[in-house]
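What follows is a single structure, written as structure tokens, with notes after it.
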Amino acid sequence: MAALSSLSPILLAPIHPRHLRPTNPTSRPLLPPSLAVRCAATTEVGPKGPPPLPPARLVRCPSLDRQAARASRLRFARKLLTLLLSKPRRFLPLRVLRRCRRFLGLPRRGRPLVPMVLRYPAIFRLFQAPTSLPLSPSLSTLAVGLTPAAEALAADLAALRGAGASALADKFHRLLLMTPRRSIPVNRLAHIAPDLGLAMDFRATLCPRHPYLFALVHTSYGHELQLADPPPLPPQQLPPPRPASPSDRLIDRPRRFPHLPLRRGLNLRRAHRDFLLRFHSLPEVSPFELLDEERSLEMLERRACAVVREVLAMTVEKRMLVDQLTHFRKDFGLPNRLRALLVRHPELFYVSVKGVRHSVFLVEAFDDNGRLLVEDEMLLGRDRLEELVREGKRMRRARKKGVLKFDGDSDEDEYENEVVEDGSLEVDDEFGDLFEDGVVGDDWEQVGDEGGSEADEGHDAELDAMEEFWVKKAVAEGLIDSSNEQDVW
């Protein structure tokens, strides 16, 4: 103590606790115990976890983008064909079809329906009913039907569906097993029915024929497809994603480090690659087994990826709109930010922004050139529809050379490119919303009443005048078929 008292006042200034280190371990500490414990608690460092994953970048894939643009060009023809095939007599009056503009993706202003129908003369045709032959052609007397080539295409697709009815029923069985309640509303299944290769009358044709798998029940929310009781045995899940082919490697030997198979031209950041390697090192999760909410976020995300992969594998083109998956977010237990999950896993999925709406592809089903490794039989419908579209273009070109140019076809190619590039058509909700909106009834013969404001009535009058104008031009060009035995009334 005498030595400390002899020091200068400068040396008696306060010293930080970590600089006070006793030389003798048996000596009394210079700091109170409470202060020493408090300093140790503040300086203690916990175990370092994995670094946070940076936002994933969307790397474009030109080969799959071409597939998305190819589907976007057929969008209107597919929707109108689906709508007409859902009718018992395969046609719809124009006055009824105009109420489905939202489903067809037509904008509310500036795009009449008649010239859009006439753009596909090999698939659709305008005809006048025999009961209205004394009257002049107008919106109230014309109807849209299918050509003989389109009727033959529909017959071939129906034969394929009849031959593969058990496989189509297995798709519904898999969908029901992935839901916690083991049931799905029918109007939501109508959203993805064309993608699964199903006809729109699946509720009357497919569901009653497989009572041992599922049954239709009526609830307060509408009709639902419910799993049979007792439930059948669960099917086998998809095998793991295909590894890289051995022919791509110079020396066939076991890898010394974990390998992440990626599509050609895709380079990821190191943090993103490390995250995917840790993700795939987790145990396998079946999409048909439900996980508790107490499980880790990584395991829940692993099940969500397995569910999306299973759904995409059921589709005919191994492709689906991202918006269609969001319809089943609550049914399948998918996360709210579903698109971010798809972008975060480029080894499994590819999100294409080409076209009117974003599409998600199953990467393992395509080769590096964007071709399907295993083609579905129902792809016959897409290929023959493309042939009919090309045939319609040749018919219009031949008509333009022989007769007066039809103004409705002059800007078709430019308009199709604009639709694919910037999405000028309206973003609509799919086929199931026609049930919900009351535009068309369940049996496709009931047409609901459309109530609107005065502004809507004025807009309808303007649109009616435009439609009448195009009808007169079509009559002048001889594009109205009057030799038909069907009746639109």
- line: Within the range 324-337, the residues that are buried (at least 17 other Cβ atoms within 10 Å of the Cβ), without any contact (Cβ under 8 Å) to a residue 40 or more places away in the chain and out of contact with any strand residue (DSSP E or B) (no Cβ under 9 Å at 6 or more places or on another chain) are Leu334
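Residues checked against (1) at pLDDT below 85; (2) more than 28 Å from the chain's Cα centre (by Cα); (3) surrounded by fewer than 11 Cβ atoms within 10 Å (Cβ to Cβ); (4) not aliphatic (A, V, I, L, M):
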position	(1), (2), (3), (4)
His210	no, no, no, yes
Leu216	no, no, no, no
Asp229	yes, yes, yes, yes
Pro234	yes, no, no, yes
Leu238	yes, no, no, no
Asp252	yes, yes, yes, yes
Leu290	yes, no, no, no
Glu301	no, no, no, yes
Residues satisfying the stated conditions in the range 375-401, i.e. touching a Lys or Arg at 6+ places or on another chain (Cβ under 9 Å) and either part of a loop (DSSP other than H, G, I, E, B) or surrounded by fewer than 14 Cβ atoms within 10 Å (Cβ to Cβ) (or both): Asp376, Met378
task: Scan the range 126-168 for residues that are at pLDDT 90 or above, out of contact with any Lys or Arg (no Cβ under 8 Å at 6 or more places or on another chain) and closer than 13 Å to Phe91 by Cα and jot them down.
output: Pro148, Ala150
statement: Picking from Val343, Val308, Val316, the residue that is under 19 Å from Pro185 (Cα atoms) and modelled with pLDDT of 90 or more would be Val308
message: Condition first: assigned to a helix (DSSP H, G or I) and small (Gly, Ala, Ser). Now tell me which residues in the range 351-374 satisfy that.
response: Ala365
- prompt: If you scan the range 178-191, which residues turn out to be in contact with a strand residue (DSSP E or B) (Cβ under 7 Å, 6 or more places away or on another chain) and hydrophobic (A, V, I, L, M, F, W, C)?
  reply: Ile184, Val186, Leu189
- prompt: Going by the structure shown, is Arg273 assigned to a helix (DSSP H, G or I), touching a residue at least 12 places away in the same chain (Cβ under 8 Å) and open to solvent by 50 Å² or more (accessible area, probe 1.4 Å)?
  reply: yes
query: When residues of the range 186-199 are filtered for being outside any helix (DSSP H, G or I) and either of a type in the set (D, E, K, R) or surrounded by fewer than 18 Cβ atoms within 10 Å (Cβ to Cβ) (or both), how many remain?
result: 0
query: Of the residues that make up the range 347-362, is at least one surrounded by 18 or more Cβ atoms within 10 Å (Cβ to Cβ), under 21 Å from Asp170 (Cβ atoms) and touching a helix residue (DSSP H, G or I) at 6+ places or on another chain (Cβ under 7 Å)?
result: yes
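The values are calculated or read from the model by the stated rules, or taken from the named source; none is laboratory data. Values in this document were obtained by computation on a predicted structure and should not be read as measured data. So basically every Cβ, Gly included, is an ideal-geometry build from the backbone, and we count neighbours across all protein chains shown. Calculation scope for accessible area: heavy atoms of the full protein, side chains included, ligands and nucleic acids excluded. Shrake-Rupley method; radii C 1.70, N 1.55, O 1.52, S 1.80 Å.
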